[in-house]
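Report on the structure given below.
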Amino acid sequence: MRRMGIGLQLYTLRDELANDFTGTIRKVAALGYEGVEFAGYGGLSVEEMKSLLAETGLKVIGSHVGMQQLKADLQGEIDYLKAIGGQYMICPWIHPNERGTTADWEGHIAFLQEAGEKVRASGLQFGYHNHDFEFHLQLNGEYVFDAIYSATTPEQLQVELDVCWVKFAGEDPLAYIGKYAGRLPLLHLKDFRKGEQGEMITLELGQGEVPLAQVLQAASDAGVEWMIVEQDNCQNPPLQSVENSLNWVKHNYLSRA
């Protein structure tokens, strides 16, 4: 199996980061993660962030930047991410009030095209991170998820596939990994089970319904660059959960790659 980078989506540690941003980043590095995907920068200046990254040795995979911020200050977000050595800027989510109709999505796709061109012109790559709602509505005869990529070029928009949400939506994550091979540099490695009300309960890796061993092989075959661990909500203390998930990766992947 091909060797991919192992990173952490820092949203998992949002409360810890809010209390002690730099200390938490140091703990992530000490656990053995190779890279991080940001979801906010803790108010650090570019120079402060560069110093912290140099100290810890962590690589910057990229950053999740909300749609509102992308529209408000795209150039500022580009400048910061580029300055700290990141490569991927990801739109992570669409607000529920803005995703109910095909017209909503046509507008979002037009913006993703435009933003993708600007991000690419800066030397970075733009991507989109899915949840399950992209599989609830169809646009031009296909799921919104697929319509987003049908309407954009790989140069404008790359895929960041969250296999947990794909599985939760009732779709096959392995099929989607294969479908977007070559356009899929980033993959969110997550696990879950359904609760009594059908809700998603995110779990540490290897404890839920996602066929993670097969996901790893499919991701390797598809050219994925980074496997990014994420757990939306943790039953254990979040730092313990991300350590446990990394230990699963070490045992089931890194020891064999």
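Residues are listed down the side, and each one gets a yes or a no for (1) of a type in the set (S, T, N, Q); (2) farther than 21 Å from Glu155 by Cβ; (3) without any contact (Cβ under 8 Å) to a residue 24 or more places away in the chain:
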| position | (1), (2), (3) |
| --- | --- |
| Leu31 | no, yes, no |
| Gly35 | no, yes, no |
| Gly43 | no, yes, yes |
| Asn97 | yes, yes, yes |
| Gln113 | yes, no, no |
| Gln125 | yes, no, no |
| Asn130 | yes, no, no |
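Conditions: (1) surrounded by 18 or more Cβ atoms within 10 Å (Cβ to Cβ); (2) in contact with a Ser or Thr (Cβ under 7 Å, 6 or more places away or on another chain); (3) within 18 Å of Gln125 (Cβ to Cβ). Val60 meets all but one. Number of the miss?
All conditions pass for Val60, except number (2).
Only one of (1) in a helix (DSSP H, G or I); (2) open to solvent by 10 Å² or more (accessible area, probe 1.4 Å) is not met by Gly100, so which one is it?
(1) is the only condition that Gly100 fails.
Give the residue that is surrounded by the fewest Cβ atoms within 10 Å (Cβ to Cβ), with candidates limited to residues of region 1-29 that are in contact (Cβ under 8 Å) with a residue 40 or more places away in the chain and of a type in the set (A, V, I, L, M).
Met1
Here are Gly107, Gly76, Gly42: which of them is small (Gly, Ala, Ser), surrounded by 15 or more Cβ atoms within 10 Å (Cβ to Cβ) and over 20 Å from Asn236 (Cβ atoms)? Please lay out each step first, then the result.
Working: Gly107 fails: surrounded by 15 or more Cβ atoms within 10 Å (Cβ to Cβ); Gly76 fails: surrounded by 15 or more Cβ atoms within 10 Å (Cβ to Cβ).
One residue alone meets the criteria, Gly42.
Spot the failing condition for Glu47; the list is (1) buried (at least 17 other Cβ atoms within 10 Å of the Cβ); (2) out of contact with any helix residue (DSSP H, G or I) (no Cβ under 8 Å at 6 or more places or on another chain), and only one is missed.
Status for Glu47: all satisfied but (1).
Check off (1) β-branched (Val, Ile, Thr); (2) part of a helix (DSSP H, G or I); (3) touching an Asp or Glu at 6+ places or on another chain (Cβ under 9 Å) for Ile109 and give me the number that stays unchecked.
Checking Ile109 against (1) β-branched (Val, Ile, Thr); (2) part of a helix (DSSP H, G or I); (3) touching an Asp or Glu at 6+ places or on another chain (Cβ under 9 Å), the one that fails is (3).
For region 79-97: of the residues being closer than 19 Å to Leu10 by Cβ and in a helix (DSSP H, G or I), which is most open to solvent (accessible area, probe 1.4 Å)?
Within region 79-97, the match that is most open to solvent (accessible area, probe 1.4 Å) is Lys82.
Report every pair of residues separated by at least 6 positions or lying on different chains whose Cβ atoms are under 9 Å apart, first residue within region 185-201 and without any contact (Cβ under 8 Å) to a residue 60 or more places away in the chain and open to solvent by 80 Å² or more (accessible area, probe 1.4 Å), second among the small types (Gly, Ala, Ser) and not in a strand (DSSP E or B).
Arg193/Gly208
Taking Pro173, is it under 18 Å from the mean Cα position of the chain (by Cα), open to solvent by less than 50 Å² (accessible area, probe 1.4 Å) and in contact (Cβ under 8 Å) with a residue 60 or more places away in the chain?
Numbers: under 18 Å from the mean Cα position of the chain (by Cα): yes; open to solvent by less than 50 Å² (accessible area, probe 1.4 Å): yes; in contact (Cβ under 8 Å) with a residue 60 or more places away in the chain: no.
No.
Assess whether Ala219 counts as being crowded, with 22+ Cβ neighbours inside 10 Å, within 17 Å of the chain's Cα centre (by Cα) and small (Gly, Ala, Ser). Spell out the reasoning first.
Details: crowded, with 22+ Cβ neighbours inside 10 Å: yes; within 17 Å of the chain's Cα centre (by Cα): yes; small (Gly, Ala, Ser): yes.
The answer is yes for Ala219.
Within region 19-77, track down each residue that is part of a loop (DSSP other than H, G, I, E, B) and among the aromatic types (Phe, Trp, Tyr).
From region 19-77, those part of a loop (DSSP other than H, G, I, E, B) are 20, 32-34, 39-45, 57-58, 65-66; that's our starting set.
Hits for region 19-77 are Tyr33, Tyr41.
The values are calculated or read from the model by the stated rules, or taken from the named source; none is laboratory data. Since the model is a prediction, treat every value here as computed from it, not as a measurement. Glycine gets a Cβ as well: all are built from the backbone with ideal geometry, and neighbour counts include every protein chain shown. Heavy atoms of the whole protein, side chains included, go into the accessibility calculation; ligands, DNA and RNA do not. Shrake-Rupley method; radii C 1.70, N 1.55, O 1.52, S 1.80 Å.
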